[in-house]
Structure formats: C-alpha cells, structure tokens
Amino acid sequence: MSNINIKINGQEVSVPAGISILEAAKSINVHIPTLCYLKDVNVIGACRMCLCEVTGQRALVAACVFPCSEGMEIFTNSPKVREARKVTLELILSNHNRECTTCERSGVCELQQTAEDLNVRDIRFPAMQEEKYVIDDVSPSVVRDPSKCILCNRCVSVCKDVQGLGALGATQRGFSKEIAPAFGLPLADSNCINCGQCIINCPVGALKEKDDTEKVWAAIADPNKHVVVHAAPSVRAGLGEAFGLERGSLVSGKLAAALRRLGFDKVFDTNFAADLTIMEEGTELIGRVTEGGKLPMITSCSPGWIKYCEMYYPDLLAHLSSCKSPQEMMGAVLKTHYAESNGIDINDIFVVSVMPCTAKKYEVQRPEMKVKGVQETDVSITVRELARMINEAGIDFNTLPDENFDEYYGDYTGAGTIFGATGGVMEAAARTAVEVITGKEAENIDYEAVRGVEGVKSAAIKAGDLTLNVMVAHGGSNIRTVMDKLRAGELNDYHFIELMACPGGCVNGGGQPIVNAQEKMTHDIRVERAKALYHEDADVLKFRKSHENPSVQKLYKEYLGEPNSHKAHEILHTKYEQKPQIDYKK
Amino acid sequence: MDDFVSIDNLTPLKEIIAKHKGAPGCAMPILQEAQEVYGYLPIELQKTIAEELGVSLSEIFGIVTFYTQFTLVRKGKYRVGICLGTACYVRGAQNIVDRFCRELNVEVGGTTPDMKFTVDATRCLGACGLAPVMMINEDVYGALTPDMAPDIIAKY
Ligand code: SF4
Ligand code: SF4
Ligand code: SF4
Ligand code: FES
C-alpha cells in the first residue's frame, strides 16, 4: 500500500494510506483514548472517546473509524477535543455504577484508566442510574453486571463474529438499552458456550468470571480435607502478567512455589494429565485409523468446543474423541489411584484446578465428569482468581524461588506443556503417534505447520507408510468453518482435527489476565504467550514426548494397564449428547 | 382479521420466511408479516426466524425490542388504543385510560384473561380535532368522556 503524508499535532508523519487516525497516532506513540474500539473486531465509532480535530472538518471526528488522507492535519489535544472527550466520559460515568474499591476490574479497567488519563475529577451530570439492573450470576462461568456496562458492544462483536455465536446482543433502545441475551434469559440458558472471550474483551467490570476462591480457601482451612491442586499448561504462560512481569514470561517454578505457599497439600500439574491424554487419545486415533472407526477424530479437551458441538453439531458427536479433558482425567486419577495409594478416602480429597478458562467451571459440574460417583474436580479457578488469592495471602510472587511440582502427578513433558497453544495437542499427538506406528524414534518432532495463529491450519504427517491428514482450528467461527465442511462431506480424507474454542488456544483463554484493547493494537498476545510454552518445551524440559513421561508409564504399569484398557475407559473416557441451543422451556 | 394463527402452526411463518429470505434487511418484513399473522412475536417464532436466516436469536430479539411496532406478548382480539398525545392528554385522556382499565380490570398494556381486550396508551393518532380520541382495532371513537366506556366495550 502506498504511503501518505499527514500531520499529527504539527508533527509530520508518513503512514500507509487509509489507516485510521487512531492507528496513525499510535505509530508515533500519541495516545488517543478509546473505549469501544477493539482491533479487527469492534470498529464502530460508538463511544466517541477518541474524538479528534481535523482541519477542514466541521465536527470532531472519531479517530478509530476516520481514515487518514493525504495532507490531513489532525489535532488530538486541542481544548475543544479535551472538553468534548471529558463531557462524553462524564456522561458515561453519570450512568455507571462507580464502585471501584470493590470492583474486580479496578486496576485493569479501561474506563477507570480513561477517567484517570483525562484527569476527570468532577462529574457535571446528575447520577442517572436506576435500580433496575439485575445481576445474572446463574452461569457457573460468566457473571453479567449491567450496572457497569458502558454499551461499547465489544462483547457482542466478539461473541458473534469471533466465536460465531451471538449469545449477547443489544436489546431495547434509548435509556433502556441493555446488552443481554435474547428474551432476558440468563446466559446459562442461552447459546453461550462459557468461553469467557466476552470477559477478557470487556473494557470494564460488567462481565467477569464466577468467583470460586472462597470455596478454595474454605477447603484449605478444613482439617478434614486433603486439598490437591494442579495447574494447566497455559497458566505458566499467563500468570506472570498479573504481577507485572513481561508478557510471555514462563513462571512454572514460581507457580509451584505460590501454590505451595497458599496451603495446598499437594501441588501437581495438569500437564501430567495432558501427557496421559495423548496416550489415550493417540491410541484411540491409531485404533480408529487401523481398525476403521469414525474419522476424522476430533479432540475433546476444550469444554467450550464440546458444548458448541452438542448444540450446533449433534449429528457429528461421534467424531469426538471419547477422552475426557486433561482437567477431568487429572481429577479422576487423583480421586482413584492417588487416593488409593495414599490411603485417603475418596470423599476427603478435594481437587482444585487452575485453568486459563471459564468453561472449565462449567465442565467440572457436568454429570459426565464423575468417578466412582463423586465429582472429579471440586473447584476450577481461573488464572485471575489464582492471582487474587496470591495477593490476598500476601505472597510476593516476583521474589518467590523457583520450585518443582510434586512428583508423580506433577511430572510432565514438553508435549504436555504445548497443549496450551493452538496446534499443541496435535503436535503432541503426532510426536507419540508417529513413534508408536513406526516403532522408531522420529528425527524431527517439531511440527511447525500446526503452530501459529492462522485460523485454520492443515498438515500431512508421515508415519512410516501412513500419512495422517490433520487440521487445526481455534476460535468459534473457525470451528464453524471446519465443522460445516465436515458436515458437507469435504473432510473425509482427514484423520484428526484439533479444535479449541478460544482464539489462539488456552494461552488466550477467557480465564487469563486481562489485556486492554490499546495494548492489543500492537501486540498479539496469543503469539507472545505461546512463546513461553514452546520455550519450555524446547529448552527446559528433559522429555518432549508424552510416551516418555516416566510417571505416566508408571501409572499404566501400576494401575491402568495399557492405554484404552477397560480400566482407562472406565475412568478417563466419556460420551456426549445433544443439547438445546436456547433453553427457554425451563 | 383478528383471529390469529396459533404459534403451534409454523407453516405460514416458513412461507413468509421463504418469500423474503436472501434479500438484504429481510428480517424486518418477515417480522412485520409474522406479527400480522400470529399477532405477536414470541420466542418460538423468533427462534425459527433466527435459525432459518442463520443468525443468532439475540440479533432478531434486538430488532424486535428496538422497534415499538413489535410486541412480544399476545394481544387481545380487540386492541383498545387510547391516545395520550398532547391534545388528547390536555383534554383528559388519562381519565379515559383509567376508566377503560377499571372497566376491563387490566393494567395499561395488559390483556383481559379471556384474550378479548388489550388496553394500550398510544402516541398521537392524528385526529386531534376529536380529542380525546381512541381506536378499537379499525374503529375510531372521539370526544370521549369516561362514562362512555361501558357502552363502547359492550359493542364488542
Ligand atoms: S468497571 Fe471500572 S470504573 Fe466501573 S466500578 Fe469497576 S473499576 Fe470502577
Ligand atoms: S462466554 Fe463466550 S459464548 Fe458466552 S457470551 Fe461470552 S463470548 Fe459468548
Ligand atoms: S458488557 Fe462490557 S463489553 Fe459488553 S457492551 Fe457492556 S461494557 Fe461493553
Ligand atoms: S468511538 Fe472511537 S473508540 Fe469508541
């Protein structure tokens, strides 16, 4: 694209033709406040926070949608601009439930930050809020508090266009306008898949996860409970941000140390179960390929994707792997093998999982996720909740020593750790499947073709005489693309498909630390966090293939027998059923 | 014209959808015609429309709640619309509304249990010369006094 010359606050700049004033200003580090803008997703010019003056334009223009043209003169900081932005912001604030001191978003709130940036100290409009708002906290995952909603529409666009669902929408008009599910249904009865993408893209505290930290504190304090915790792959790639560390910092050691100091009796790692998943899922795949099972087989670790499939592709449920997710495999193993070998009553063991995900909160309470009649995972908390617990406990995260996870169920390989990025499950499966099929050690175990943030990726993986055609997609609308093709019979040559509900996979899960929209303009957090995982895989860990995990091997020897054995099926596998998209008959 | 199709029968709706589907902005005419046929737009109809058009229910619901012409609740066979525009209001239209509500034992916007009458306050009907004025379906009544209510109701 050709470049054009413009002037911003008197400074001459050359920028690509057609980019917005906001992007042009960003390129020379001139800050323009925004609230509704979300790069590539919600570019609608609705909030009017980004108003700027352009010579020759009668009215102020919205920088996020106004394109630059040759010779344009822009002022981002004139008295007129400052006053207009302030009035706009004061109007928003006059209709906002300002309770920052008790708001979960305080400190990472774009509205609060903008008020600070604009030096707003006084609101010249009377408070408008009526007490008409009802908090929707029916969903186990997402809490919606309309009293804090600024109607920016970001969640609507994310849910509709990125996730392909449209569970949230604009309802009513004028002063009664509310962003909500249709017919005022609770999110839990809408077509929401609990992914939490709306939460991490909401600028304020209007959407948040259901806080389960009290349940965890209570269990830790209960002398009759043996409380074990395990943390998912991508937690180590995200948690550091909550303590000011650079994005992409790998914090496995500090994570283990922090969990221990919180008072958990044992600190394990979901990565162990990720390795176990590969043993089960890889074996299932080889079985389906060689013995003629339903193909392509599709991964089943993302509970958001599972719900998607149950609601929108019930006719294709047979393609799902029967494997439970790593979270549930871990819970099942801890409540059976770990409990039995340590003489702990299954009812006294309390399993907490730390997940990058809000859908995991939904998964733990699914009726399928039981072992010997008890719930496998007692509580699932997000990375954000863990960070809050660490703060609450007065632990200085950044000065913690690096510690190890407890042995056996805390042992993991690089294959387990890369589960947290899109393509990771596929790569981990390939590392094992190829060696199992050929019986030889593979020369190259880096499957670059399935890495990265392209929405839909395919590759052909050679395993001796066999070629496995695989596909990887992440984010709801990419999932739809793939599933519609599958339904139309266009993917019959494929053997294995990895689908993750969140764009980028778990590193960008709905339970990860919040990154504001301005930061996302210039950083792809999916890529930056994934780097931490690929680094741990390539440079830190001794083993990089799930079948080489000595503790997983031991578990098979001591307890499960072999992958897909009767015992393994009993505790590690399940099946799913059709669900209504909108449950309005309740 | 007042006997609406039951929402158990989705055939007319499907015909309406088939007629408009594919045209840009087709949700509007579909919703309008569906409301004419069924009298209101409950979740069952909106869900069918959403599914057939391949959009989310929240999108359809957003349109329905944005425009005042659409209604989510079933209205009575006779829709009593009493004008509360300025001219009618200053000539005591509020008393007319109150009286009709009392006679029929419903709130404004409400429908009698036998589904016969719905009472609504409306915007200006454009017949200010007759203020206070009201309509029952297509019939116009003007120069109203509260005491006329029982006789008017008795006609239906
Ligand atoms: S959403 Fe932001 S501005 Fe509103 S109460 Fe919470 S922290 Fe304060
Ligand atoms: S959790 Fe996911 S599916 Fe549910 S409303 Fe939010 S973005 Fe949509
Ligand atoms: S809930 Fe959050 S993201 Fe959605 S419109 Fe309100 S403020 Fe914006
Ligand atoms: S109008 Fe530009 S950020 Fe909202």
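The values are calculated or read from the model by the stated rules, or taken from the named source; none is laboratory data. Predicted, not measured: the structure shown is a model, and the values here were computed from it. All Cβ positions, glycine included, derive from the backbone under ideal geometry; neighbour counts span all protein chains shown.
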*Can you name the number of the only condition in (1) under 15 Å from the mean Cα position of the chain (by Cα); (2) within 16 Å of ligand 2 (Cβ to nearest atom); (3) assigned to a loop (DSSP other than H, G, I, E, B) that A:V204 fails?*
(1)
*Can you find even one residue in segment A:136-150 that is polar (S, T, N, Q), buried (at least 16 other Cβ atoms within 10 Å of the Cβ), under 21 Å from the mean Cα position of the chain (by Cα) and within 14 Å of chain B (Cβ to nearest Cβ)?*
no
*Within the set of pairs 6+ apart or on separate chains, which have a first residue in segment A:137-152 that is on the phi > 0 side of the Ramachandran plot, a second that is more than 7 Å from ligand 3 (Cβ to nearest atom), and C-beta atoms under 7 Å apart?*
A:L151/A:K177
_Count of segment A:166-190 residues which are at the interface with chain B (Cβ under 7 Å from one of its Cβ atoms), closer than 14 Å to B:I43 by Cβ and assigned to a loop (DSSP other than H, G, I, E, B)_ = 1
*Restricting to helices (runs of 4 or more DSSP H) lying wholly in segment B:1-108: which have 3 or more residues that are touching a strand residue (DSSP E or B) at 6+ places or on another chain (Cβ under 6 Å) and touching a residue at least 40 places away in the same chain (Cβ under 8 Å)?*
B:93-104
*Could you look through segment A:136-155, keep only residues that are over 19 Å from A:C357 (Cα atoms) and aliphatic (A, V, I, L, M), and pick out the one that is nearest to ligand 1 (Cβ to nearest atom)?*
A:I150
*If you check A:K208, A:K225, which single one turns out to be charged (D, E, K, R), away from ligand 4 (no atom under 16 Å from the Cβ), within 24 Å of A:N42 (Cβ to Cβ) and in contact with a helix residue (DSSP H, G or I) (Cβ under 8 Å, 6 or more places away or on another chain)?*
A:K208
*Output the helices (runs of 4 or more DSSP H) that fall wholly within segment A:412-524 and possess 1 or more residues being surrounded by fewer than 24 Cβ atoms within 10 Å (Cβ to Cβ) and hydrophobic (A, V, I, L, M, F, W, C), or say none.*
A:424-438, A:476-487, A:517-522
_When you check A:C159 against the structure, is it touching a residue at least 24 places away in the same chain (Cβ under 8 Å), facing another protein chain (nearest Cβ under 10 Å) and within 15 Å of ligand 2 (Cβ to nearest atom), yes or no?_
yes
*Which one of the conditions (1) within 10 Å of chain B (Cβ to nearest Cβ); (2) under 23 Å from A:M500 (Cα atoms); (3) touching a residue at least 40 places away in the same chain (Cβ under 8 Å) does A:G196 fail to meet, given that it meets all the rest?*
(1)
*asked:* Please go through segment A:111-120 and give me each residue that is surrounded by 14 or more Cβ atoms within 10 Å (Cβ to Cβ) and assigned to a loop (DSSP other than H, G, I, E, B), ordered by number.
replied: A:L118, A:V120
*Is it the case that some residue within segment A:84-99 is outside the structural domain of A:T522 (by TED's automatic domain parsing), at pLDDT below 95 and more than 16 Å from ligand 3 (Cβ to nearest atom)?*
no
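To keep it simple, each residue is scored yes or no on (1) within 14 Å of chain A (Cβ to nearest Cβ); (2) more than 28 Å from B:P132 (Cβ to Cβ).
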{"residue": "B:E44", "(1), (2)": "yes, yes"}
{"residue": "B:I60", "(1), (2)": "yes, yes"}
{"residue": "B:Y67", "(1), (2)": "yes, no"}
{"residue": "B:V73", "(1), (2)": "yes, no"}
{"residue": "B:G76", "(1), (2)": "no, no"}
_helices (runs of 4 or more DSSP H) within segment A:284-401 that include 2 or more residues basic (K, R) and out of contact with any Gly (no Cβ under 7 Å at 6 or more places or on another chain)_ = A:359-364
*segment A:20-45, subset in contact with a strand residue (DSSP E or B) (Cβ under 7 Å, 6 or more places away or on another chain) and more than 16 Å from ligand 3 (Cβ to nearest atom), residue nearest to the other protein chains (Cβ to nearest Cβ)*: A:S20
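Quick grid of which residues meet (1) over 24 Å from B:M28 (Cβ atoms); (2) surrounded by fewer than 17 Cβ atoms within 10 Å (Cβ to Cβ):
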{"site": "B:G62", "(1), (2)": "no, no"}
{"site": "B:F66", "(1), (2)": "no, yes"}
{"site": "B:K77", "(1), (2)": "yes, no"}
{"site": "B:Y89", "(1), (2)": "yes, yes"}
{"site": "B:R99", "(1), (2)": "yes, no"}
{"site": "B:L104", "(1), (2)": "yes, no"}
{"site": "B:V119", "(1), (2)": "yes, no"}
{"site": "B:L125", "(1), (2)": "no, no"}
_Residue among A:E241, A:E284 that is among the acidic types (D, E) and under 18 Å from A:Y556 (Cα atoms)_ = A:E284
*Failed condition for A:C103, given (1) within 13 Å of ligand 4 (Cβ to nearest atom); (2) under 30 Å from A:T213 (Cβ atoms), with all others met?*
(1)
_Residue under evaluation A:Q365, criteria (1) under 22 Å from A:A188 (Cβ atoms); (2) out of contact with any Ser or Thr (no Cβ under 7 Å at 6 or more places or on another chain); (3) buried (at least 17 other Cβ atoms within 10 Å of the Cβ), criterion not met_ = (3)
